[in-house]
Amino acid sequence: MTRTQQLLRERTAVRIRAARPDLADRHDLATPDGLLDAHRHIAQEAGAADDGQILAAVVVRDVDLARWVRDTCVFALGVPPEDAAAWRASFTRTVFLAGNPDHLRDRFVFAHLADDGSAAWTAPGPAAGTTTLRRLLKLFDAPAEVPPAPARHLTVPGEPPPGRVPVTRGLHLATAGCTVAEALVHLNHVIAEAVLDGLIAPGDRLTLHRVPRINPLPGHAVRVRAVPDPRLPGRLRAAAALTDGD
Amino acid sequence: MTALATEPAAPGAATGAARRVLLAPITITPSKPLTPSHLKGLLWTDVMHRATQSLAHVTHRSSHTTYHPTEQTLGFWEFLDRTEGDTDYGDLTEEDIGALYVAFRAAARPSARDLRPYAEAAEHGWVHPASTRVLTLWSGHYARLGLHDPGLLRYQPPGLGLDAALDRLAGLGMCLDQRAVGGPVFLDLTRHGLPLRQLVTADGRPNYLACALRELLPLAPGFDEIVLLYDTELDSDHQQLARVLAELGPSVRRVPIGRVPIDGRIRSARQGGWRDVHAGALLDAAAGHDPAVVRLGMRLYFIAVLGPGQQQSFRPELLAQSLKRAERLLESAGQPQPEPLTDRLARHRKDHTYVDPYRLTSGLLGRRRAAPGLDLLTSVYL
């Protein structure tokens, strides 16, 4: 096994253990099969039509990835700690919907709205709370591949928390074969979990890198989202990662 | 857009003589025989057209050119060329072509790429010979039924191209266009609590609603009233369409017309099942009657007897009774009527300008009714 495969597996096991200690007890996350079983378990839970499942909904009108990253940080920073734990336990499950927030703000309560109206976020909560919104809209369908682009820098809005010195981090997205819709899913999980764990705070600088493949995995990666590699069965590949420094 | 808004005529203008009314019925894909459901819609529209014509300026817009770009038409054409090759469609009957259509609907969907040459040709007025054949046969049925021909075989392009129509919709704040990320285009009336409705698929295929908007968006500001006539099951789409058009000034009326079940089942034309009950067969079966009797009898049956709902199955014996009824009505008609025709027609309206075909036609029936004036029959029914 390559060193990167080993790392991706370890990181994935850490992620599962952090969100759901119960799954870590049931499956041996140190083995590839145990990891795979845990993955299946999670996918099954997410697929079940359970009104009590905790999720956030994002209404997307159009996408500028760097701007969207910034807004996702603001949204996640605003999630109150009592909601954060439940959302974390559902692996920061998020539903992306096609819609125009300007047409919806009178009827629905959003926890965060992008300044330019390009997207809006509902607070994480039981799925039943967003049933009406989800019926009115359609799932966000964005099959275009993420275009390659030079690195973009952005600063997380807001005052740094007292006593915390802002840091610089790199946010990496693997673009080869990655659609815009998938990019939102990958980046959303990495950002949301990093924010909830205090790795991203107001005042931090982020650099968004869009590269065909994240390889090798930077040694200074603090968060990694790994997914099964569609072309190499049995292997994981890094879909997105957050690193120390840019 | 305020410059486009038209003030509704004062309610005092009872006859509505100056009102401009657009009748916009849904068109039928020219790929099969006309079923009883189709006939019902056509006769309903025709009576509305001719009755309202005495009271207002009526435009009856029903362009096949507008709806050729839908997938069900383009896909059928591509399927025929791929599977049938150089068939002489001029020798085929509607039922032959309809059987091919049923086969097409059962086959796998063609790709957007395969449809592109057909889409481009249709924009320039090209029609597949199978559809030309069907429309030619329909023209014959229209003539026998005394239906106004809105230009079945004419090239009548919509006033706007797809992009221009979507731009106009965006100007109204009613378009969600996600083509930049490879996604679909939606009609967006979520502001009014109506669900997003797809207009163009992610791979670029417009649906019939997108085609309707290309045609009706530029026409709408020129009318005081627009009447949308359509199958009941398309009601939610037409609620949305009405909402868009009303934004441009006219008052918009929706007239859903129930389908006609065959043996208790409402069938889609894609399933076939039109044997012996399609327009050509019904006309042939009625060939022993005087043409005026056929025209009036068909209207009595499909409008007054079946009504706006869809509870009653098609019953040939009731159609035969309607033909007899028509014969008697024509024999007894003709006495001079004290009331002018326009007043007799205007009674069958509510707060709208169009004349309600059901109220008008069922008014001809009933045992104790006075015989109708010949003027009414000739101007509306024959």
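Couple of notes before you dig in:
- Any hit, the stretch B:124-134, residues being under 22 Å from B:Thr59 (Cβ atoms), more than 14 Å from chain A (Cβ to nearest Cβ), of a type outside the set (Asp, Glu) and in contact (Cβ under 8 Å) with a residue 12 or more places away in the chain: yes
- Taken together, the criteria place A:Ala142 among residues that are part of a loop (DSSP other than H, G, I, E, B), touching a strand residue (DSSP E or B) at 6+ places or on another chain (Cβ under 9 Å) and within 14 Å of another protein chain (Cβ to nearest Cβ).
- Here the stretch B:183-225 is the region considered, the condition is being closer than 22 Å to B:Gly75 by Cα and of a type in the set (Gly, Ala, Ser), and the residue that is modelled with the lowest pLDDT is B:Gly204.
- Annotation note: of B:Arg253, B:Arg259, the sole residue that is of a type in the set (Lys, Arg) and within 22 Å of B:Arg349 (Cα to Cα) is B:Arg253.
- Any chance A:Val195 is in contact with a strand residue (DSSP E or B) (Cβ under 6 Å, 6 or more places away or on another chain), crowded, with 21+ Cβ neighbours inside 10 Å, more than 14 Å from chain B (Cβ to nearest Cβ) and not in a loop (DSSP other than H, G, I, E, B): no
- Those residues of the stretch A:4-32 which are closer than 22 Å to A:Ala241 by Cβ, surrounded by fewer than 16 Cβ atoms within 10 Å (Cβ to Cβ), without any contact (Cβ under 8 Å) to a residue 40 or more places away in the chain and not acidic (Asp, Glu), in sequence order: A:Gln6, A:Val14, A:Arg17, A:Ala30
- Residues that are among the hydrophobic types (A, V, I, L, M, F, W, C), within 21 Å of B:Ala202 (Cα to Cα), within 14 Å of chain B (Cβ to nearest Cβ) and in contact with a helix residue (DSSP H, G or I) (Cβ under 7 Å, 6 or more places away or on another chain), drawn from the stretch A:95-136: A:Phe96, A:Leu97, A:Ala119, A:Leu136
- Breaking point among (1) more than 14 Å from chain A (Cβ to nearest Cβ); (2) buried (at least 16 other Cβ atoms within 10 Å of the Cβ); (3) closer than 24 Å to B:Leu23 by Cβ, for B:Asp149: (2)
- Taking the conditions (1) away from every other protein chain (no Cβ under 14 Å); (2) closer than 30 Å to A:Phe108 by Cβ; (3) touching a residue at least 24 places away in the same chain (Cβ under 8 Å); (4) out of contact with any helix residue (DSSP H, G or I) (no Cβ under 9 Å at 6 or more places or on another chain) in turn, A:Thr155 satisfies each one other than (4).
- Within the stretch B:198-219, tally of residues that are within 11 Å of chain A (Cβ to nearest Cβ) and over 23 Å from the mean Cα position of the chain (by Cα): 3
- Enumeration of residues in the stretch B:161-197 that are more than 7 Å from chain A (Cβ to nearest Cβ) and touching a Pro at 6+ places or on another chain (Cβ under 7 Å): B:Leu162
- Test: A:Ala176 is on the phi < 0 side of the Ramachandran plot, surrounded by fewer than 21 Cβ atoms within 10 Å (Cβ to Cβ) and touching a residue at least 12 places away in the same chain (Cβ under 8 Å): yes
To keep it simple, each residue is scored yes or no on (1) aliphatic (A, V, I, L, M); (2) free of Cβ contacts under 8 Å to residues at least 60 places away in the same chain.
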| residue | (1), (2) |
| --- | --- |
| B:Arg179 | no, yes |
| B:Asp188 | no, yes |
| B:Leu196 | yes, yes |
| B:Arg205 | no, no |
| B:Leu213 | yes, yes |
| B:His238 | no, yes |
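- Within the stretch B:256-303, the set of residues being of a type in the set (A, V, I, L, M), crowded, with 21+ Cβ neighbours inside 10 Å and in a helix (DSSP H, G or I) comprises B:Ala269, B:Ala279, B:Leu282, B:Val293, B:Val294, B:Leu296, B:Met298, B:Leu300, B:Ile303.
- Between B:Glu71, B:Glu123, the distinction of being under 20 Å from the mean Cα position of the chain (by Cα), charged (D, E, K, R) and farther than 26 Å from B:Met298 by Cα belongs to B:Glu71 only.
- First in the stretch B:323-346 and over 22 Å from B:Val293 (Cβ atoms) and part of a helix (DSSP H, G or I), second anywhere and modelled with pLDDT of 90 or more and among the basic types (Lys, Arg), Cβ under 7 Å, 6 or more apart: none
- Test: residue in the stretch B:222-230 that is within 14 Å of chain A (Cβ to nearest Cβ), part of a strand (DSSP E or B), of a type outside the set (Asp, Glu) and out of contact with any His (no Cβ under 8 Å at 6 or more places or on another chain): no
- Among the candidates B:Thr35, B:Thr45, the residue that is within 23 Å of B:Trp77 (Cβ to Cβ) and either modelled with pLDDT of 95 or more or touching a Lys or Arg at 6+ places or on another chain (Cβ under 9 Å) (or both) is uniquely B:Thr35.
- Screening the stretch A:33-138 for helices (runs of 4 or more DSSP H) wholly inside it with 3 or more residues that are buried (at least 19 other Cβ atoms within 10 Å of the Cβ) returns the ranges A:65-77.
The values are calculated or read from the model by the stated rules, or taken from the named source; none is laboratory data. Keep in mind that this is a model prediction, so the values were computed, not measured. Here Cβ is always computed from backbone atoms with ideal geometry, including for glycine, and neighbour counts include all displayed protein chains.
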